[in-house]
Amino acid sequence: MDRRTFLTSLITILAASCRTEAPLAGQVWRVGSLHATPPAPSAPIIANFEKGLASRGHIKDRTTTIEYVFKPGSRDDLRESARTLGQRADLIVAWGTIATVAAKEAHVTIPVVFSPVGFPVAIGMVDSLRRPGGNFTGISFEAADDTYTATDPEGDRP
């Protein structure tokens, strides 16, 4: 399994787990997929993302709709797109730090799953890696101090 497939699989699991309840008969989950890149470089990620969702029972255009938004360039446009997605989706998947920051700046209140984001604690996306808090969660490529902490002061480590 290559790195891209691995990361996409992790995001799929996170995105699918944000909605733990089973969909009601006929209910369709609405997912917004926010990209700060053009569509072409994201094609393999999108294919793996859709495949991963389908493996967890979220079939595109049957049980789940996915609205892809690609806004390379203006951060204002990306922020406005995040705001719009936040009003019509049940969940946003923000791909990369720039898209995630735009969603945070847009004050999105629905769940946001991000991948990958560098230093999400330092840039204010989450409270901590262990307990993100709020409506943002996801994958970071940082190796933080609490990743290697031998003791568990909060007593929540298995």
*Can you give the FRET efficiency for Thr84 and Arg130, using 1/(1 + (r/R0)^6), R0 = 41 Å, r = Cβ-Cβ distance, to the nearest 0.05?*
0.80
*Count neighbours as other Cβ atoms within 10 Å of each site's Cβ, and list the trypsin sites (Lys or Arg not before Pro) in region 22-94 that are DSSP loop with at most 14 such neighbours.*
Arg56, Arg62
*Which lysines, on any chain, are close to Lys71 with Cα under 19 Å apart, when same-chain ones fewer than 8 places away are left out?*
Lys104
*For a label point 7 Å from the Cα of Asp77 along Cα→C-beta, name the residues of region 101-139 whose backbone N is under 17 Å from it.*
102-103
*Give the shape of region 65-114 as rounded, prolate or oblate, defined through the alpha-carbon gyration tensor: a ≥ b ≥ c are the square roots of its eigenvalues, a/c under 1.5 means rounded, and otherwise the shape is prolate if a/b is larger than b/c and oblate if not.*
rounded
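Every read-out reported here was derived from the displayed coordinates using simple, explicitly stated rules and does not represent laboratory data. Just so it is clear, the structure is predicted and the values come from calculations on it, not from any experiment. Counting neighbours? That spans all protein chains shown, and the Cβs are built from the backbone with ideal geometry, glycine included.
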